[in-house]
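The values are calculated or read from the model by the stated rules, or taken from the named source; none is laboratory data. Since we're looking at a predicted model, the values are computed, not measured. Note: ideal-geometry Cβ built from the backbone for every residue, glycine included; neighbour counts use all protein chains shown.
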Amino acid sequence: MNKPFLLAALICAHFVAPIHTVDAACVLAAPIGGPPSIRIAGKAGGEITAAQWSSTKAVDLVGCVPGARIISLTFCIKDCKGKDAMINGKDASISSAMRQMIGNLPSGTPFTVKVMVRDEKEKVWEVPDARFLWKG
């Protein structure tokens, strides 16, 4: 392993470990200060079961941005008339209303998770939306 890569990995792990999980993608691909991403039940997207959903208390933020935090959380679905419906929160916590909205979806319904993230210097970071499929 070359020294610059090792140094970058150690710096990333040092700044992130107390607050966030450092995943392999962070260490291997993202530069120091790289963009964060979100996870639900350890997933960046895909199928979510009722068991996974019930055990999830918050949306996780992963990546190499020291001090990054979720300051706005939105769950988006299409209602039965095809119109956008959403529910918002002010941090990473999944509220009972959010839990109920997703839990009441018919199996096979897609939903999107959107977040706004700021770091410790109040810089806003773009975070890609995460798309999931409710399996119930």
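Residues are listed down the side, and each one gets a yes or a no for (1) touching a strand residue (DSSP E or B) at 6+ places or on another chain (Cβ under 8 Å); (2) touching a residue at least 12 places away in the same chain (Cβ under 8 Å); (3) of a type in the set (A, V, I, L, M, F, W, C):
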residue: Lys43; (1), (2), (3): yes, yes, no
residue: Leu61; (1), (2), (3): yes, yes, yes
residue: Thr74; (1), (2), (3): yes, yes, no
residue: Gln100; (1), (2), (3): no, no, no
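This table checks each residue for (1) within 15 Å of Ile38 (Cβ to Cβ); (2) out of contact with any Cys (no Cβ under 9 Å at 6 or more places or on another chain); (3) not in a loop (DSSP other than H, G, I, E, B).
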site: Met101; (1), (2), (3): no, yes, yes
site: Leu105; (1), (2), (3): no, yes, no
site: Phe111; (1), (2), (3): yes, no, yes
site: Glu120; (1), (2), (3): no, yes, no
Exactly one of Asp79, Asp129, Asp84, Asp60 is exposed (fewer than 13 other Cβ atoms within 10 Å of the Cβ), out of contact with any helix residue (DSSP H, G or I) (no Cβ under 7 Å at 6 or more places or on another chain) and within 16 Å of Gly45 (Cβ to Cβ), and that residue is Asp129
Please return the ranges of strands (runs of 3 or more DSSP E) entirely within the range 1-73 where 2 or more residues are more than 25 Å from Val124 (Cβ to Cβ) and modelled with pLDDT of 50 or more. 46-48
So Ile77 clears everything in (1) out of contact with any Pro (no Cβ under 9 Å at 6 or more places or on another chain); (2) outside any helix (DSSP H, G or I) except one condition, right? Which one? (1)
The range 74-102 - residue that is of a type in the set (Asp, Glu) and more than 15 Å from the chain's Cα centre (by Cα) and, of those, nearest to Val124 (Cα to Cα): Asp84
